[in-house]
Amino acid sequence: MDEKVFRRRIIALLNKLTPDNINVVSDDLIAWGDKSAQETDGRILRTLIELVVDKAVDEPKWIKAYTELCLRIISKTSDSVKDHNLRMVNGEYPSGGHLARKYLLQKCQGDFERGWKVTMPEAKQTDEFYEAVKIKRRGLGLVEFIGELYIADVLTVDIIKSCLRRLLSNIKTPEDEVLQSMMKLLATVGKKMDVPANKDEMDLYFSRIRSMTTNDSLDSRVRMLLMNSMELRQRKWQGRDSQEAPQTIAQLHEELERQKIALANAKRLDAQSRWHKDSDSRRGRYGTVGRSSESGRNSEIQTTPDALSSRNMFDALMDEDESPECASTKEQLTSEEIRAKVKAAIDECISQQSDTQLVAAFKGIGETNYRTALSQTVDTIMDRRPDQVEQALGAVSALAKHNLLTEDAMTAVFAEYSDQLEDLVMDVPHALKFFGMLMAACGIPIARVSESLGKLATKVDVLRPPAMSVVSAYLKHAIKTDGEAQTQKAVEDAGFDVAQYLCADYRSDADIKKTLALQDLLCLFPKYA
């Protein structure tokens, strides 16, 4: 089987993995691994394991889910899968779960031994800087994943001891990356490993850590982190589970609703604050009218929800003063180079829950490459899990807010991409929904929806035209971001006819009303209510 085919299918399945569907998705992935029964080198199973590890270290928030997936693969892989290039002590070929575990150990050991030392460039707004940050994050993700495999009894305590001894072998001039990895591994495995049977070994580790806290050659920040590790042991390793666990779809919707309420409350308080300040200014409490009006303007800036929220390290690196025109002089890049930059930016947006990296990537890519970059952005996001797509939509909206692309360019990109949507649904069941959400996030006006759908808009000779699924997702996302009243007004102003996307045999008022009611869109079309 062509490697490109099964790699794409496996990646597509991994991108769908959530706590809600792990049973179904894991069975599908194991079925792919079992296809290695037709091979003699376990190529598909090995690729599956390697991709799972890569995903785990890239997405530390989901490490527990990927650990559970590894357990399922090891326990359920068919014994008919063998690798004739490997031999056990008894001379037989390893097979089934034993072979899967062997591939997992080889992958983790290889990545661990290669290390992840990287020199951080001085320029903080470059591709090299973000790549260095990504390498460091992957290194920490790897040791955390190794720790979770130990907790799940996939790895033995001797393997963890070997890793810790290596990480603590140099206490006089240790490297920053090594110390961070050691502390991450201890924080992950400490609760299970710190038992009487391992007391001498653990005491030795912390004796070395204690000696490093007095090493003046180490950065004070690093010494503080080492002391935090010592305190963590004193607290009986409480706090290890403080990291937010992956959410189910229901939990995600509840969180989004809470954020929506919090944002509405913040806006209400902001409006009240401005009103009181303006009233005080008119009474002369703050001096001249000119000063009071300036104070009113400043209050709008200082009390917005974005200003109140803490900014992560990547937000601080974003040069807000850089204009799109500054990027227009960038050189023409290949499609693969653009895809790599876009994918890295989206990975950062999702893992750091920030919207700025994609804008920075576009500006770095250059204006002449914007259309290609948008196409690659759509393609990259379409392969993600539903919760990741939700997170990435904020980054796409940021592109629209910075006016990096014209309506004509966005419409052309979506129209061109729509040609492959029906085929893509086979690998990505939510492709039509994602496509509509991305159109709305980009800010494509409702009057140009049909144009953005390309030939898909005319395929109405089936019972469930694909265009209607896209339009439904587009309108729902518009309601979510702009509100029902504003979306309804946009529909009316554009004279938007939803009937054109329904099957030609089901366009009576009764049929249209039924369809809109099922999609919870009847509020936008009162004439059918």
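Data overview
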{"read-out": "Region 66-132, relative contact order in percent, only Cα pairs under 8 angstrom and at least six apart counted", "value": "22 percent"}
{"read-out": "Segment Lys513-Asp216, extension gain: residue separation times 0.36 nm, minus the distance between their alpha carbons", "value": "99.5 nm"}
{"read-out": "Cross-link reach list, lysines versus Lys82, counting only Cα pairs under 16 Å and skipping chain neighbours closer than eight places", "value": "Lys35, Lys102"}
{"read-out": "Nitroxide proxy distance, nm - points 7 Å out along Cα→Cβ at Asn90 and Ala494", "value": "6.7 nm"}
{"read-out": "Counted charge near Val178, where neighbours are those whose Cβ lies closer than 14 Å (Asp, Glu -1; Lys, Arg +1)", "value": "+3"}
{"read-out": "Mean accessible surface per residue for region 387-481, computed with a 1.4 Å probe while every protein chain stays in place, in Å²", "value": "41 Å²"}
{"read-out": "Two-decimal Rg/Rh across region 82-171, once Rg and the Kirkwood Rh are taken from alpha-carbon atoms", "value": "1.10"}
{"read-out": "Region 6-85: relative contact order as a whole-number percent, Cα under 8 Å and 6+ apart", "value": "38 percent"}
{"read-out": "Computed accessible area, Ile73, all protein chains, 1.4 angstrom probe, square angstrom", "value": "0 Å²"}
{"read-out": "Cα-based reach from Lys161 at 16 Å (exclusive), listing lysines while leaving out same-chain residues under 8 positions away", "value": "Lys184, Lys191, Lys192, Lys199"}
{"read-out": "Potential lengthening between Ala447 and Leu105 on full extension [0.36 nm per residue; Cα-Cα distance subtracted]", "value": "117.6 nm"}
{"read-out": "DSSP-loop GluC sites (Glu not before Pro) across region 70-136, with at most 11 other Cβ within 10 angstrom", "value": "Glu92, Glu122"}
{"read-out": "Cα-projected label distance for Lys401 with Val157, points at 7 Å along beta-carbon direction, nm", "value": "5.1 nm"}
{"read-out": "Within region 115-209: Cβ-based charge dipole about Cα centre, in debye rounded to nearest 20 (Lys, Arg +1; Asp, Glu -1)", "value": "100 debye"}
{"read-out": "Share of carbon and sulfur in the accessible heavy-atom surface of region 1-80 [1.4 Å probe, %]", "value": "49 percent"}
{"read-out": "Heavy-atom accessible area ranking, 1.4 Å probe, most first, across Tyr150, Tyr93", "value": "Tyr93, Tyr150"}
{"read-out": "Förster radius 25 Å - calculated FRET efficiency between Val425 and Ala340, Cβ distance, rounded to 0.05", "value": "0.45"}
{"read-out": "Hz values of 3J(HN,Hα) by residue in region 141-148 - Karplus curve (6.51, -1.76, 1.60), Gly and Pro given as x", "value": "x, 5, 5, 5, 5, 4, x, 5"}
{"read-out": "Within region 213-230: backbone nitrogen closer than 19 Å to the Asp203 label point (7 Å, Cα to C-beta)", "value": "230"}
{"read-out": "Student exercise, region 134-176 dipole from Lys, Arg, Asp, Glu Cβ charges, in Debye to nearest 20", "value": "260 debye"}
{"read-out": "Range of Cα positions in region 13-125 per principal axis (Å), largest first", "value": "53, 36, 19"}
{"read-out": "³J(HN,Hα), Karplus 6.51/-1.76/1.60, whole Hz, each residue of region 159-166, x for Gly, Pro", "value": "5, 5, 4, 4, 5, 5, 4, 5"}
{"read-out": "Percent breakdown of C-alpha pair distances by 10 Å bin, ordered from the shortest bin, for region 380-452", "value": "19, 53, 27, 1"}
{"read-out": "Region 325-465: relative contact order as a whole-number percent, Cα under 8 Å and 6+ apart", "value": "24 percent"}
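The values are calculated or read from the model by the stated rules, or taken from the named source; none is laboratory data. Computed from a predicted model, the values in this text were never measured in an experiment. Cβ: placed from backbone, ideal geometry, glycine included. Neighbour counts: every protein chain shown. Keep in mind that these areas ignore ligands, DNA and RNA; they rest on the heavy atoms of the full protein, side chains included. Shrake-Rupley method; radii C 1.70, N 1.55, O 1.52, S 1.80 Å.
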